[in-house]
Amino acid sequence: MLEDGTAVDFEVSPMAAATACSMFGVGAVIGAVPAGAVSAVFGRRVSLIIGESNVVLGWLMITFPTATRMLYVGRTLQGVGCGAMCTIIPMYVGEIAEPEIRGFLGGLHQLFIVSGILFSYIFGNFLTYTQLNMACGVWMVVHLLAMLYVPESPYFLIRDDKRVRAEEALARLRDPNHDCKSELEEIQKFVEEEQKNSYTAREVLEKNVNRRALTIGIGCMFFQQMTGINVIIFYLKHIFENSGSEISPELSTTVVGTIQLVMTFVSMMITDKFGRRSLMVYSMTSMGICFLALSYYFFAKKYNPRVADSLDWLPLITIVLYISMYSIGCGPIPYIIIGEIFSSELKSMGTGMSIATNWTVVWLVTCLANPMDTFIGPSGTFFVYSGFCFLGMLFVVNRVPETKNRSLAEIQFELEKN
């Protein structure tokens, strides 16, 4: 919309439009790094409200811009808010969820991300630029208002010496027959032990177990994005247009978005049954194979068009399979893992660094999408990302422990043992 001149009253070059897209990743890094420390001071709930306010302001700026710089600032503000929320939400879910449903609740994060993607795919087909931004922005307002009624994390309230409020919050989060007092005593002991062992950042990172956990968290987030998901998401319509497929780009993007939503829901159902590690391995291996198939198709399109014409169904099928495999494992599970893998002393720093890594790679992949398309073409681009899929699979096999149905204390014991 920005490039074809229908969005705004001033001219936006293709480079400016691409820059506006990529500024989201820059802002997300800025928001993610301090988010853990901010939430440790002000609480998870208040910090989320601050993050959401940035996103709402960002939507206003890109909905009613008067110059290109407003697009840059608006997208950066959206990134700051989303980077902070992507850091705080896994921490919050990890603290309020019982072990047997932590994977399911952690998957809700990714489920609503892909719901938003599908929403924009569908409504982007017929709404104007301003209407689409307003339709998307209103959900952030709903989220902001709903946060006023969400209970604070009992862990934070205990750390803040507000035991009565912590008991009230836990009662809201548990079944009426649940023994909240016993759980609150466990939380109290956990927090007291944590406060006895107060360390500097350097002392925290001197521990082998913390370095191992940080490697796992950062590695999972790095490979989640280096598998090329945002190349597919941001440029999906462009890919289908260039493939020459008879299936319309509008229909293709809607189909892919629907599949992504359905498969993310499936992931929520099976994560606590089959385990995080096995799903990640299966997911990344399948994604690599899909990208190899796409690479072959675009290679044939350039050097053997007759073969490519007989395979015009291949882009849609491989992208649907890729999105399905991503949504089952590589998409939601890294967010679940970073909510489980860090010790209490490392949680704020580790979560912030992991999410910052994620958004740094988002920015990098988005910026490189057009240059890679120009210099090595779609075939070379998909071949490169297939390699990262297989490297990610090897990283999970060699570094990531299984955390299914284990308490946070048991996970730390496993990391220390290995």
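Tabulated data for the structure shown
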{"read-out": "Farthest toward positive dipole pole in the chain [+1 Lys/Arg, -1 Asp/Glu at C-beta], among Val307, Ile317, Thr253", "value": "Val307"}
{"read-out": "Farthest positive-ward along the chain dipole, Cα basis, beta-carbon charges - from Gly36, Ile89, Gln412", "value": "Gln412"}
{"read-out": "At R0 = 25 Å, FRET efficiency that the Cβ-Cβ distance of Phe42 and Ile101 yields, to 0.05", "value": "0.40"}
{"read-out": "Protein accessible area in the chain, 1.4 Å probe - carbon and sulfur %", "value": "65"}
{"read-out": "Mean separation of Cα contacts under 8 Å, 6 or more apart, over the residue count of the range 200-417: relative contact order %", "value": "39"}
{"read-out": "Cα-only Debye scattering, the range 118-168: base-10 log of I(q)/I(0) at q = 0.13, 0.31 Å⁻¹", "value": "-0.52, -1.03"}
{"read-out": "Potential extension, Leu108-Phe265 segment - 0.36 nm per residue separation minus Cα distance", "value": "55.7 nm"}
{"read-out": "Whether the range 200-417 is rounded, prolate or oblate, judged on the alpha carbon gyration tensor where a/c under 1.5 counts as rounded", "value": "prolate"}
{"read-out": "Principal axes of the range 22-76: Cα extent on each, largest first, Å", "value": "37, 18, 10"}
{"read-out": "Zero-based 10 Å bins, Cα pair distances in the chain, whole percents", "value": "5, 21, 32, 25, 13, 5, 1, 0"}
{"read-out": "Compactness of the range 1-150, expressed as Rg and Dmax over alpha-carbon positions, Å", "value": "16.4, 53"}
{"read-out": "Length-normalised contact order of the chain in % [C-alpha pairs under 8 Å, at least 6 apart]", "value": "25"}
{"read-out": "Computed label-point distance, nm, for sites Leu394 and Phe126 using a 7 Å Cα→Cβ extension", "value": "4.9"}
{"read-out": "Cβ charges +1 (Lys, Arg) and -1 (Asp, Glu), total dipole of the chain, debye", "value": "560"}
{"read-out": "Tail fraction, Cα-Cα pairs, the range 322-418, threshold 21 Å, whole percent", "value": "46"}
{"read-out": "Listed residues Thr374, Thr357, Thr63 arranged by accessible area, highest first, probe 1.4 Å", "value": "Thr374, Thr357, Thr63"}
{"read-out": "Rounded accessible area per residue of the chain, 1.4 Å, Å²", "value": "46"}
{"read-out": "Span from the the range 354-383 Cα centroid across to the the range 1-57 one, whole angstrom", "value": "19"}
{"read-out": "Extension reserve of the Arg165-Met15 stretch, reckoned as 0.36 nm per residue once the Cα distance is removed", "value": "48.9 nm"}
{"read-out": "Debye intensity ratio in log₁₀ form over the Cα atoms of the range 285-365, taken at each q of 0.13 Å⁻¹", "value": "-0.59"}
{"read-out": "Per-bin percent of Cα-Cα distances, the range 91-223 [5 Å]", "value": "2, 8, 11, 14, 15, 14, 14, 10, 6, 4, 2, 0"}
{"read-out": "Stretchable slack from Arg202 to Ser53, in nm (0.36 nm times residue separation minus alpha-carbon distance)", "value": "50.3 nm"}
{"read-out": "Spatially proximal lysines relative to Lys189 (Cα-Cα < 16 Å; intrachain offsets below 8 disregarded)", "value": "Lys162, Lys181"}
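The values are calculated or read from the model by the stated rules, or taken from the named source; none is laboratory data. Everything numeric in this text was worked out from a predicted model, so none of it was measured. Backbone-built Cβ (ideal geometry, glycine too); neighbour counts: all protein chains shown. Quick note on the areas: whole protein, heavy atoms, side chains included, nothing else; ligands and nucleic acids left out. Shrake-Rupley method; radii C 1.70, N 1.55, O 1.52, S 1.80 Å.
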